[in-house]
Amino acid sequence: MSQTIDLRKKGALLESSKPAVEPEPVEEPAIEVEGESSVLPETTAIKWFTLLSPPHRRNRVLYATIGLIVSAGLAAYFLHDFLFSVVLALAAIVLNLNATRPHRQSEITIHATGVSINDEHHHYADIKSFWIDYQPDLKELSIELKKGYTPIIKVPLGETDPLEIRRAMISYVPEKEHEQSLLDHIARLIGI
């Protein structure tokens, strides 16, 4: 039969079961190994350099600009819609300004706190989801942010291993497929 403990007498039972002299804790000597640090190693960051947008194809940009200007003229003449004509003309100007802008290498870093693009850091708490498009003609990391003004950032992978990027991000951010928008297809077609 098991021993029954009367909870009303528990305080007296605990006091009588304490040893008269408490043993002193024994400290074990610290063993120091030469060449090893007691600090855990930091997780390695994945870093690569890439152009955020491909080099412009001058012929395609020129044809798109001419098409926008002709469309603006036709809209003004046939539709008598001058506001739409102004929007098309401004689109042609922006397209040309974008084509003449010099491209520079951007540094992309994925580390334990988030994703850095040059000097701009995006914490994992600000990232809604990510997706890696890895097709023969398209190799890019797509990051959907919780912010409204820059909802999706597309980063070309270059020669970086997509499985390594996925392993680094999957524990912090959910992976969700991002659909290519019509604007993405048009930009890729024009080459901007």
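D137 satisfies every condition listed in (1) within 30 Å of E164 (Cα to Cα); (2) in contact (Cβ under 8 Å) with a residue 12 or more places away in the chain except (2).
From the list R58, R8, which one is modelled with pLDDT of 70 or more and of a type outside the set (G, A, S)? Step through it out loud before you land on a result.
Values: R8 fails: modelled with pLDDT of 70 or more.
Answer to the selection: R58.
Residues in segment 105-127 that are loosely packed, with under 13 Cβ neighbours inside 10 Å and either more than 20 Å from the chain's Cα centre (by Cα) or part of a helix (DSSP H, G or I) (or both): A125 only.
Residues A76, A72, A112, A91: which one is small (G, A, S) and within 30 Å of D126 (Cα to Cα)? It would help to see each step written out before you state the result.
On the way: A76 fails: within 30 Å of D126 (Cα to Cα); A72 fails: within 30 Å of D126 (Cα to Cα); A91 fails: within 30 Å of D126 (Cα to Cα).
Only one candidate qualifies: A112.
Taking the conditions (1) part of a helix (DSSP H, G or I); (2) out of contact with any Ser or Thr (no Cβ under 7 Å at 6 or more places or on another chain) in turn, L95 satisfies each one other than (2).
Using the structure shown, decide if Y63 is over 17 Å from A45 (Cβ atoms) and aromatic (F, W, Y). When the stated conditions are applied, Y63 passes them.
For segment 167-192, give me each residue that is within 14 Å of Y124 (Cβ to Cβ) and touching an Asp or Glu at 6+ places or on another chain (Cβ under 8 Å).
Our first condition is that a residue be within 14 Å of Y124 (Cβ to Cβ); within segment 167-192, this holds for 168-175.
Answer for segment 167-192, where residues must be within 14 Å of Y124 (Cβ to Cβ) and touching an Asp or Glu at 6+ places or on another chain (Cβ under 8 Å): just M169.
Across segment 155-192, the qualifying residues are those that are modelled with pLDDT under 75 and outside any helix (DSSP H, G or I), and the one among them that is nearest to the chain's Cα centre (by Cα) is I192.
The values are calculated or read from the model by the stated rules, or taken from the named source; none is laboratory data. What you see is a predicted model; the values in this text were computed from it and never measured. Glycine gets a Cβ as well: all are built from the backbone with ideal geometry, and neighbour counts include every protein chain shown.
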